[in-house]
Each structure stands twice: as structure tokens, then as C-alpha cells.
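A.B. asks: Before we start, here is the structure in question, set down as C-alpha cells.
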Amino acid sequence: MAEQYDARVEEPARQGTQQEWEQVRVLGDITYLEAGLPGAPAIIFLHGIGGAARSFLPQLDHFGRAWRAVAWDMPGHGGSSPLEIVTIDTLAAALAGFLTQAGLQRPVLVGHSLGGMVAQRLLTLQPHAARALVLAQTSAAFGSRDPAWGEGFVAARLGPLDAGHTMAGLAEGMVADVVGDDPDPAGVALARWCYAHTPDSTYRDTVRALPGFDMRDALGRIGVPTLVLAGNRDRNAPPAGMQRMTARIPGATYVELSGAGHLAYLEQPAAFNAALQGFLTGLPP
């Protein structure tokens, strides 16, 4: 049974002005956004393919009132430098390095889609890297172990780019394909902006990194409080698969957002934030 949270959450005063926390920061090869006070408990938002730190503006606004809320640009996205070799492992290593450089000690990790895969991998390599984990519209395994399936998936996803289209031209259709019922127009516009500004080369590299990902046998080793957050209209990370993932993680909580597709945090920011807030409120000190 999916848990439900009231989207009406009491909001304390924001720490800092909007102009301050929307200013892009640079740390080594990574660009990021940050809201809140440096000494507050830390929460970091990890976007998926075609995303960016900016896609989490609704979450930075809300959680920056009581948390040190950070959203990174995954390597190759936003202003972050691309990696020479892009795999889930190299992305997890980049995330570990960023957490260390930014002084984010045991933050709450909120990983969406590919960001959730990277978070899973990081916690199998560094079990104490996070205080808690949120897996939003993501998967514990991607596709089939058959190499031919992976080749077909990559060819299908990259076909439009191979045919001469660009991310800027494809963005509107890409977003329309993954959202659910009656998505927030501002969230859809922000998603389109992020997709359109994703370099074609970055999209190619991250798509190629997906086939073969499989953390199913490692989920039982996740030892931090975990929220698995699904959208019941999500075709990329269907609820049934996320329910199976929840069952493998000791003590994990499952929440399903009605009407939400793959970009729930942008489609239904109030409901997404309420579900996340409810989980955070119950964390041990």
C-alpha cells in the first residue's frame, strides 16, 4: 500500500535570497547550486540524464529553509566538466570526490533516475557516505543482461541524434514522453530547458552507461534509512519495479505519487517535497 503525504507543508523562512542561492558555484570540475546555511544538515539532489542542478530549484527553495540543500550538475551537464570515460562507477567516484571537496559529510542523498543509480553504487562502495537515501523514479537494474538488448537500446535512444537532430530540437518531445497527468507547467518548462541545454555528447555518453547496470544483489547491503519514491504513471521506472527494489532494501519505505510520471519532482513539486519532508522528519538525529 503506497503511503500518502499531505502536500501542505509548513515552510520556515528561507535562508538567503533567491538571487544568492540561484548563483552557480564552482568546485573543481563540478558546478552546483546551494541554498541554506553551511552548518545545517546537508541534503544533496542528484539529477538524471538530461537534467541539471537547475531542475531542482523547487526543492532548493523548499529545503533550503532548514537544510544545507545542494544540487550538483553531474559531470558533462550544466557547467561541470565531462569525464573521459562515463560509467556508473566513474560517476559514483566523481560524486564521492564532490562530497569530500564540498564538506558534505554524510548528507541525505536524493537520486533521481540515473542519479539514483549513482547513489546506489556509491553506497555499495562507501556504505557510510550518506545519512539516508531517497531513490526517486529510478531502477536497481537496467534492461537485460543480453548485450544485444543493450545495443538495441542505445541505437534506439541515439537514433534521432545520429539522424542529425539535436537535444535542443528534441527536448520538447523528450519531456512530453515521460511526464504523467496534468504536470506543473513551470516544471515542464524547466525540464525542457534542462534537456535542451544538455550537450549531445553528454547525452550519448550517459545513455551508453546504462546497459548492464545491476545493483539488485547489493540492495540488501544498504544500511541507511531509505525512501523509494515512485510515480504511478512512470513508464521508465514503473511502480512494480520500484516496489521490488523496496522489498530488497532493509526497512525501506515506499511512497507512490498519483498521476506522476518520470519527472515527479518537477511535475508535482509540492507533493514530491511533502513526501520527502515526511521521510526526513522521521529520521533519527
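A.B. asks: Working only within region 264-285, note down all residues that are of a type in the set (S, T, N, Q) and surrounded by fewer than 20 Cβ atoms within 10 Å (Cβ to Cβ).
C.D. replies: Looking only at region 264-285, we keep the residues that are of a type in the set (S, T, N, Q), and these are 268, 273, 277, 281.
Selection gives Q277, T281.
A.B. asks: Considering each of R233, R216, R221 in turn, give the residue that is crowded, with 16+ Cβ neighbours inside 10 Å and charged (D, E, K, R).
C.D. replies: On the way: R216 fails: crowded, with 16+ Cβ neighbours inside 10 Å; R221 fails: crowded, with 16+ Cβ neighbours inside 10 Å.
The match here is R233.
A.B. asks: Can I ask one more? On the basis of being of a type outside the set (V, I, T), farther than 23 Å from M215 by Cβ, modelled with pLDDT of 95 or more and assigned to a helix (DSSP H, G or I), does S55 make the cut?
C.D. replies: Values: of a type outside the set (V, I, T): yes; farther than 23 Å from M215 by Cβ: yes; modelled with pLDDT of 95 or more: yes; assigned to a helix (DSSP H, G or I): yes.
Judged against the criteria, S55 is a match.
A.B. asks: Contact list please: Cβ distance under 6 Å, first residue in region 134-145 and within 18 Å of G259 (Cα to Cα), second residue at pLDDT 95 or above and of a type in the set (D, E, K, R), pairs at least six apart or on different chains.
C.D. replies: As it stands, the answer is Q137/D234, since those pairs meet every condition given.
A.B. asks: How many residues does region 32-51 contain that are among the hydrophobic types (A, V, I, L, M, F, W, C) and within 16 Å of M117 (Cα to Cα)?
C.D. replies: Selection size over region 32-51: 4.
A.B. asks: Can I ask one more? Are there any pairs, at least 6 apart or on different chains, whose C-beta atoms fall under 7 Å, with the first in region 29-40 and under 15 Å from A71 (Cβ atoms) and touching a residue at least 60 places away in the same chain (Cβ under 8 Å) and the second aromatic (F, W, Y) and not in a strand (DSSP E or B), and if so, which?
C.D. replies: I30/F98
A.B. asks: Let me ask something else about it. Among the residues of region 198-217, are any modelled with pLDDT of 95 or more, hydroxyl-bearing (S, T, Y) and part of a loop (DSSP other than H, G, I, E, B)?
C.D. replies: Yes: one or more hits.
A.B. asks: Mind checking which residues of region 10-28 are out of contact with any Leu (no Cβ under 9 Å at 6 or more places or on another chain) and at pLDDT 85 or above?
C.D. replies: Passing the criteria: V26, L27, G28.
A.B. asks: Further, regarding this structure: Sort out which residues of region 122-164 are in contact with a His (Cβ under 7 Å, 6 or more places away or on another chain) and not hydroxyl-bearing (S, T, Y), and write them in order of number.
C.D. replies: Taking region 122-164 as the starting set, the residues that turn out to be in contact with a His (Cβ under 7 Å, 6 or more places away or on another chain) are 136-138.
Selection gives A136, Q137.
A.B. asks: Given the conditions (1) buried (at least 22 other Cβ atoms within 10 Å of the Cβ); (2) hydrophobic (A, V, I, L, M, F, W, C); (3) in a helix (DSSP H, G or I), and given that A260 satisfies all but one, which numbered condition is not satisfied?
C.D. replies: If we test A260 against (1) buried (at least 22 other Cβ atoms within 10 Å of the Cβ); (2) hydrophobic (A, V, I, L, M, F, W, C); (3) in a helix (DSSP H, G or I), just (3) comes out false.
A.B. asks: So the check is Cβ under 6 Å with 6+ separation or different chains; which pairs have a first residue in region 236-252 that's buried (at least 18 other Cβ atoms within 10 Å of the Cβ) and a second one that's part of a loop (DSSP other than H, G, I, E, B) and among the hydrophobic types (A, V, I, L, M, F, W, C)?
C.D. replies: M245/A140; T246/A252; I249/I222
A.B. asks: Select from region 105-129 the residues that are in a loop (DSSP other than H, G, I, E, B) and farther than 9 Å from H47 by Cα and write down the one among them that is modelled with the lowest pLDDT.
C.D. replies: Of everything passing the filter in region 105-129, Q105 is modelled with the lowest pLDDT.
The values are calculated or read from the model by the stated rules, or taken from the named source; none is laboratory data. Quick caveat, the model's predicted, so the values are computed rather than measured. Glycine also receives a Cβ, built like all others from the backbone with ideal geometry; neighbour counts cover every protein chain displayed.
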